[in-house]
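In what follows, a structure is listed as C-alpha cells, so that the remarks can point back to it.
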Amino acid sequence: MVSTLEDRVRPPAAAGGPLSTQEFFINMGPQHPSTHGVLRLVLKLDGETVREVIPVLGYIHRGIEKIGEHQTYRQFVHLSDRLDYLSALMNNWAVSLTVEKAAKIELNDRIQVIRTIMAELQRIQSHQLWWGVLGMDLGAFTPFLYGFRDREVLTDVFEETMGARLTMNYIQPGGLMQDIHPNFVERVKSFLKYFKPKLAEYEELLGGNVILQERLRKVGRLEAKTAVSMGATGPVLRASGVAHDLRKKEPYGVYSKVAFDVPVGTMGDCWDRYWVRIEEMRQSMRIVEQLIDNIPAGKHLLVKPAIVIKVPQGLYYGQVETARGILGIFVVADGTGYPYRIHLRTPNFNNLWSITAIAPGLRVADLVAILSSLDIVVPDIDR
Amino acid sequence: MGLITEKLPLYLDPVPGSSWFLGKLDEVINWSRANSLWPLTFGTSCCAIEVMMAAGASRHDVARFGAEVARPSPRQADLLVVAGTIVKRMAPRLRTLYEQMAEPRYVIATGSCVISGGPFIYHSYSTLRGLDGVVPVDVYVPGCPPRPEAYFYGILTLQKLIKEGETVRRPGERRKPVLAALPAGMTVDQIQEEMRSLLVTEKNSGDRRNG
Amino acid sequence: MDNEKLLAALKTLEPQISVRENADRLAVTVPCERLGAFMSKLKLENALRFDILYAHTAIDWVAENRFELIYILSSLEHGHSLMVCVSIPRDAPVAPSVSSIWRIAEWQEREVYDMFGVLYRDHPDLRRLLLEDDWQGFPLRKDYKDDFMLEKPQ
Amino acid sequence: MVNLQTSWEVRTLSQRASEALAGGQLGLTTGYLFAGLAGLAVFLAAMALVLVYAERKIAAHFQCRLGPMRVGWHGILQSVADSLKLLLKEDIVPTDADRFLHVLAPFMSLLAAILVLVMLPMSPALQVADVNIGVLYVTAVSGLGALGILLGGWSSNNKWSLLGAMRAGAQIISYEVSATLSLLVVVLFSGTLQLSKIVQSQADGWWIWRAPGVGLLAFAIYLIASVAEINRTPFDISEGESELTAGFHTEYSGMRFAFFFLAEFINMFVVSALAATLFLGGWMPFHIGGLATFNAAMDLIPPGAWFAAKSAFLIFVIMWFRWTFPRLRIDQLMRLEWKILLPIGFVNLFLAAMAVLFGFYFFPVQ
C-alpha cells in the first residue's frame, strides 16, 4: 500500500534495436538555480521533452506545525514570517486574523487600514521580486536587478516602521507591533509616484519583448477546472479564468471599502500568469492610494503586550489572500494559551501540485518558465 | 594546480633564500584567492533573499568585492554560502555539494538557523541545530536574516582570513571558525565569558536601566 | 446558502451526519464508511458544488484514542464553505481516499500519512511527502518522541 | 579615385619570415616566428582579461551598479585575480568521466578560437598569416569549437552536461550555415576569399553600405548567427544557467573551466573582428569613394585603431544583447534558423549575385 521514491523512479527497460531511444530520469534540484531554493523535481525526459514531473519535497521541512504546538499564538506569528518570507506581513495577518476571530478581539479602523496598506505594499514588493526572478530564469539578468532596485525602496519604507527588512513580525493578534513611522505616509506617496513609471518600464523591458512572449504564450496551460481541482489559488487560479480573490469574496481588513479590480486571465498560460501579476501591482497601488491619505486615528495595539492570548476551545480556520494565493491557518484550540494543533494551508504547496498536470509534453526550458510563473517559495511548501 | 601549490615548495625548500620567494608567492596567491570568491548559487530560505539576492542587487552590489560571479555548478565555485535553514534531509546533499567543490573552498554560514537552529531549535524533529556538524565553517554571519551589509562584513572577514592564513605550504588548511560580527582578535569564548559576567552584575545591581 | 439550509441539504444527502460543535463554520461529522460517497456527492450535487478542497489535515486526540480527519471545503460558485470531520480509531487508522474527487487531496493525504500515519484506501501513490522514506514514526502524533528533538527548558 | 592597392600594402608576419628565410637571414626568420607566437599568446591573455573586465563593468553599469571596485583602481585587476585563482584551483576529473576526452575538450575549444585568430588582418603590418582561402579556412576551423563543447559535455558523464552539449552541437552546426551564407555575400562582391584582399576591396566604402540593402541584411544575419554560434544570450541555451545548471561545463573546474571561459571570450572577439573585417572594412579607415581630401583626413588615424574600434563596438553590441534579452527555447532557436534566417540568407545571396552581375552597387571596382 505504501510505496517509496525508488519504486516511482525505476528507469524503464531499454527497448530493443540499435537506434532505439530511451527515456531517462534526471534530478532537477535540490540545488538548482531555477527551483528557487531546495525543491527537487525528478524529471522523466525523452530527449528534451518532459514526460513526467515528480516533485520531491521536504528539503526544508522544519516542522513548523509541531513547533507551533509549543508556542503561544503571539509567538507563532514570528514563525509565520518564515513560511513565505516574501509575503511575511500577510502571513502575520493570517495568524492574527484567525486568533482574533477565535478570541473575539474587535479591532479599530486604524489597525485595519494600516494592515491593508502594508499588505498591499508587500504584494507589490513580492511581485517586484517575482518579476525580476522571472527575467533571470528566462535568461535576462538585468530585470532581476531592476526589480530589486525598486524593491529596495519599499524595503526602506518597511524598515523605517518595523525595523526589519524581510521577516517583519509586525502584525500581531490584537493590533500591530509598533505604530507607523511619522515619515511613513510621505514615503509611501513618493514610492507610488516613483513606481508608476517604473512599472511601465517593466512592461517595455520584459513584457514587450518578443522572445519573452514566445517563451510564455501558450506555454503551460492550466485549465480552470484542473486548477480548482488541484487547489491552486491566487494569481495562478485567476490566470486560469476563475475570479476567486478572498479580498472580494470574503473581505477582511478594509477591502470592502476600497475600489479595486481583480485581474483575470483567459488562457491560463504562463503569459496570463505574468500579466495578472503585473496588473495586480497596479491594483495594489490603487488600493494604497485610496487609503494612504486618511489613516484614522486610534491605538495601534488593543491587547496588552505581556498578555498571553487565550483562545476558547474549538476549531478555527481563517484565511488571507497572500501574494501567492490563499494562506489558511487551521487552529485547534483547547482553551489554553497554546494551540492543541495548528495546520497551515499554504498557497505554494497547493500551487506547485499543478505542475504535474501542465508540464508533461513540454520542454525542459518550459518547465523553468512554468516554475517561474507559478512563483514558488519553497519554505512555504515544506513548512 | 598541484604543481605550484604542492610540489614547488618541496623543490625550493633546500634552496637558500627560497623562503622570501615563497612568501611573496603566498601573498600573490592569497591575494588572488581572497579577491575572487565566486559563490555557489545556493540558498534554502529567507537568508537567500538577503544574502544571495539583495546583496548582489544594485543597492548593495557584492560585485564590488569581486564576489558576484555566482556559479550554478559546485565545481566552479569557491564559496559555499549556506543561506537558510538546513534540515536533516538536506544535510547529506549539502555535504555532497561541499565535497564536489574544488579546493580551496570556503564556507560562510549566514543566519541564526545555520548557526544554532534559530527559531527552530526546540520541538523540531528535523531542523539541524548548527551547520558545524555537516561542513567546516569559516565565517559565521549572525542575523535572522542578516542584512546584506552583514554579509559583506562576513566576506571581508573571510578575505582577511585568507590573506593572513593560507599558505602555499599548507593549502586549504582550516582554521577555527570566526563570527563575522566580532571585533578583531576576539573569540566566541571571550564573548560568552563576558556575557556571563554581565549577567552576574545585572543580577547584583538590580535594574540596570534605572541605575 | 446559509448554514441551516446547507445543513438541511446535507441531511438529505446523507442522513447519518451530525453537527460537530465548537467550529467557526458549519462542521459535520460523517461516519468513516460513508465518507467516499458523501464527498463525491458534495462535489457533484449542483446545489452544493464544493469544488475546492482548501485543506485536509488530521488532529490527534490522543486521550480519546482517535484521529479526527478534517476536510475544509468551499464552493467557488456558491460561496459557502463546510468543514467535514471524520473520526477513525488511532490503532487502525484507515480512511478512504478522496483524491479521485479533488486532485489536490493526493498530496494532502500524503502529507497526513507522513505526519500521522493515516493510511488511505485507493490512494494512487501513497508515500512519504516531506520526510525521507525510511523515517521512523509519525512526528505530528502527540506521543511522538525521538532522540533528536529538544524540549524547551522551563 | 586613388589607387589604393599600392598604398595599403599588406605584409604578414609569415610573409616576412619566408622572405627572411629566402634571404638567408635565419636569425630574422626565427625572430619573426617567435614574435608571432609570443605576440599571439600575450594578445590572447590580454584580450581575455580585458574582455572579462569589460563584460563585468558594462553589465554592472547597465544594471545601475558599479561592478568590481576593490581590486586595483576601479577593479581593473579583478580579472587578473580571477584567472590566477582559477589556475591554482584543484583540478577535478570525475571518476566516471572519460579522462582523455575530458582533458582534451577545453583545449580543443580554445584551439579553434586561436586558429581563427591567426588569420585576422588587424592592420596592414599586423597579420600572422594570410592565405588565399581565408574565409573558407575561418568557417572551417571555427567549427572545431563545437567539437570541443560536444566532447566536453559527453565525456563528463553527467546528464546535464550531455543535454547542454547536444543543444550546443545542434545549435552551432545549424547557425554555421547562415553565417557562411552571409559571408558569401561579401565574397561575391569582393571577388576573393583572402581576408586582406577583402579589406583592401573596401577602400571606397565598407560592404555594409556599398552593397545596397543586401550588405546590411547580410551583416544583420551574420551578427545573429554568430552570436548563436558563440553561445551567448539570447542563444546561450547550451549553458543556460537556470535550465541546465551550467550546461556542458558543469563538471569542469579550475583551469579547464577557465579555458572554456577563455574560449568564449576569444570567440566573441573573433566573431566581432570577422564581422568588422568583412562588413565594416576591417582596418580600412572610413572612406567615401571620390572624396580624396576626406579620405586623406581619415587616413591620419592608424589602421590598427580603426580595427580595434570597430571590433570593440561590435563586442559592446554583443554584450548589450546579453544583458537585455531573455533566452530562446531550443525549438524556437531551430525555427528561427531553419525557417527564417536560412531562407532570407538564400534570397539575399541571390540578390547579391544579381547586384554583382549587373554592377549594381556603389563605387564598382574599376
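The values are calculated or read from the model by the stated rules, or taken from the named source; none is laboratory data. Worth saying up front: this structure is predicted, and the values here are computed from it rather than measured. Neighbour counts are summed over all protein chains in view; Cβ atoms, including those assigned to glycine, are modelled from backbone coordinates with ideal geometry.
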Can you name the condition, by its number, that A:THR161 falls short on among (1) in a helix (DSSP H, G or I); (2) within 16 Å of the chain's Cα centre (by Cα); (3) surrounded by fewer than 24 Cβ atoms within 10 Å (Cβ to Cβ)?
-> (2)
Looking only at the range A:136-172, count how many residues are closer than 28 Å to D:ALA59 by Cβ, of a type in the set (Ser, Thr, Tyr) and either touching a residue at least 60 places away in the same chain (Cβ under 8 Å) or facing chain D (nearest Cβ under 8 Å) (or both).
-> 2
Of the residues in the range D:302-311 that are in contact with a helix residue (DSSP H, G or I) (Cβ under 8 Å, 6 or more places away or on another chain) and in contact (Cβ under 8 Å) with a residue 40 or more places away in the chain, the one that is nearest to the other protein chains (Cβ to nearest Cβ) is D:SER311
Could you look through the range D:204-242, keep only residues that are more than 20 Å from D:SER272 (Cα to Cα) and not small (Gly, Ala, Ser), and pick out the one that is nearest to the other protein chains (Cβ to nearest Cβ)?
-> D:GLU241
Among (1) surrounded by fewer than 21 Cβ atoms within 10 Å (Cβ to Cβ); (2) small (Gly, Ala, Ser); (3) within 15 Å of A:PRO379 (Cα to Cα), which single condition is B:ALA102 missing?
-> (3)
Return the residue satisfying two criteria in turn: it lies in the range D:64-120 and is within 14 Å of chain B (Cβ to nearest Cβ) and of a type in the set (Lys, Arg), and of such residues it is nearest to D:THR250 (Cα to Cα).
-> D:LYS89
Listed residues D:SER174, D:SER182, D:SER178, D:SER142; which is within 25 Å of D:PHE346 (Cβ to Cβ) and at pLDDT below 85?
-> D:SER142
Would a scan of the range A:169-190 turn up a residue that is of a type in the set (Asp, Glu) and more than 30 Å from A:ASP366 (Cβ to Cβ)?
-> yes
Among (1) at pLDDT 80 or above; (2) buried (at least 23 other Cβ atoms within 10 Å of the Cβ); (3) away from chain A (no Cβ under 14 Å), the one test that D:ARG329 misses | (3)
Only one of these is in contact with a helix residue (DSSP H, G or I) (Cβ under 9 Å, 6 or more places away or on another chain), more than 8 Å from every other protein chain (Cβ to nearest Cβ) and surrounded by fewer than 18 Cβ atoms within 10 Å (Cβ to Cβ): C:VAL98, C:VAL86, C:VAL118, C:VAL94. Name it.
-> C:VAL94
Selected residue [crowded, with 21+ Cβ neighbours inside 10 Å, in a helix (DSSP H, G or I) and at pLDDT 85 or above] from D:ALA105, D:ALA59, D:ALA54, D:ALA112 = D:ALA105
When you look at D:ALA220, is it without any contact (Cβ under 8 Å) to a residue 12 or more places away in the chain and either among the aliphatic types (A, V, I, L, M) or on the phi > 0 side of the Ramachandran plot (or both), yes or no?
-> yes
Being assigned to a helix (DSSP H, G or I) and among the charged types (D, E, K, R) is the filter; apply it to the range D:243-301 and report the residue that is farthest from the other protein chains (Cβ to nearest Cβ).
-> D:ASP299
Among what's in the range D:62-96 and is among the basic types (Lys, Arg) and part of a loop (DSSP other than H, G, I, E, B), pick the residue that is modelled with the lowest pLDDT.
-> D:LYS89
Qualifying positions in the range D:302-311 - among the small types (Gly, Ala, Ser) and either buried (at least 17 other Cβ atoms within 10 Å of the Cβ) or not in a helix (DSSP H, G or I) (or both) | D:SER311
From B:ALA34, B:ALA67, B:ALA63, B:ALA77, grab the single residue that is within 30 Å of B:SER116 (Cβ to Cβ), free of Cβ contacts under 8 Å to residues at least 40 places away in the same chain and crowded, with 20+ Cβ neighbours inside 10 Å.
-> B:ALA77
All but one of (1) surrounded by 20 or more Cβ atoms within 10 Å (Cβ to Cβ); (2) within 14 Å of the chain's Cα centre (by Cα); (3) assigned to a helix (DSSP H, G or I) hold for D:GLY164, so report the exception by its number.
-> (2)
Note down all Cβ pairs under 6 Å where the first residue falls in the range A:264-293 and is part of a loop (DSSP other than H, G, I, E, B), the second is of a type in the set (A, V, I, L, M, F, W, C), and they're at least six residues apart or on different chains.
-> A:VAL264/A:ALA243; A:GLY265/A:ALA239; A:GLY265/A:VAL276; A:GLY268/A:LEU222; A:GLY268/A:ALA239; A:ASP269/A:VAL219
Restricting attention to the range B:103-124, does a residue exist that is within 30 Å of D:PHE248 (Cβ to Cβ), touching a Gly at 6+ places or on another chain (Cβ under 6 Å) and either in a loop (DSSP other than H, G, I, E, B) or of a type outside the set (A, V, I, L, M, F, W, C) (or both)?
-> yes
Of all residues in the range A:125-158, count the ones that are crowded, with 24+ Cβ neighbours inside 10 Å and of a type in the set (A, V, I, L, M, F, W, C).
-> 7
From the list C:GLU77, C:GLU21, which residue is in a loop (DSSP other than H, G, I, E, B) and touching a Lys or Arg at 6+ places or on another chain (Cβ under 6 Å)?
-> C:GLU77
Filtered residues of the range C:10-39 (kept if touching a residue at least 12 places away in the same chain (Cβ under 8 Å), of a type in the set (S, T, N, Q) and either within 13 Å of chain A (Cβ to nearest Cβ) or in contact with a Leu (Cβ under 9 Å, 6 or more places away or on another chain) (or both)) = C:THR29
Wholly enclosed helices (runs of 4 or more DSSP H) of the range A:61-135 bearing at least 2 residues in contact (Cβ under 8 Å) with a residue 40 or more places away in the chain, more than 10 Å from every other protein chain (Cβ to nearest Cβ) and in contact with a Ser or Thr (Cβ under 9 Å, 6 or more places away or on another chain) | A:73-81, A:88-103
Output for Cβ contacts, cut-off 7 Å, separation at least six or different chains, first residue within 23 Å of A:PHE148 (Cβ to Cβ) in the range D:55-81, second of a type in the set (Val, Ile, Thr), reads D:PHE62/A:THR142; D:GLN63/A:THR142; D:GLN78/D:VAL71
Report the residue count in the range B:73-100 for those that are under 22 Å from A:ASP81 (Cβ atoms) and either modelled with pLDDT under 85 or more than 7 Å from every other protein chain (Cβ to nearest Cβ) (or both).
-> 5
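Condition check ((1) exposed (fewer than 15 other Cβ atoms within 10 Å of the Cβ); (2) within 30 Å of A:LEU222 (Cα to Cα)) across all residues:
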residue: A:THR266; (1), (2): yes, yes
residue: A:ASP269; (1), (2): no, yes
residue: A:TYR274; (1), (2): no, yes
residue: A:MET281; (1), (2): no, yes
residue: A:MET285; (1), (2): no, yes
residue: A:ILE292; (1), (2): no, no
residue: A:ALA297; (1), (2): yes, no
residue: A:ALA306; (1), (2): yes, no
residue: A:ILE309; (1), (2): no, no
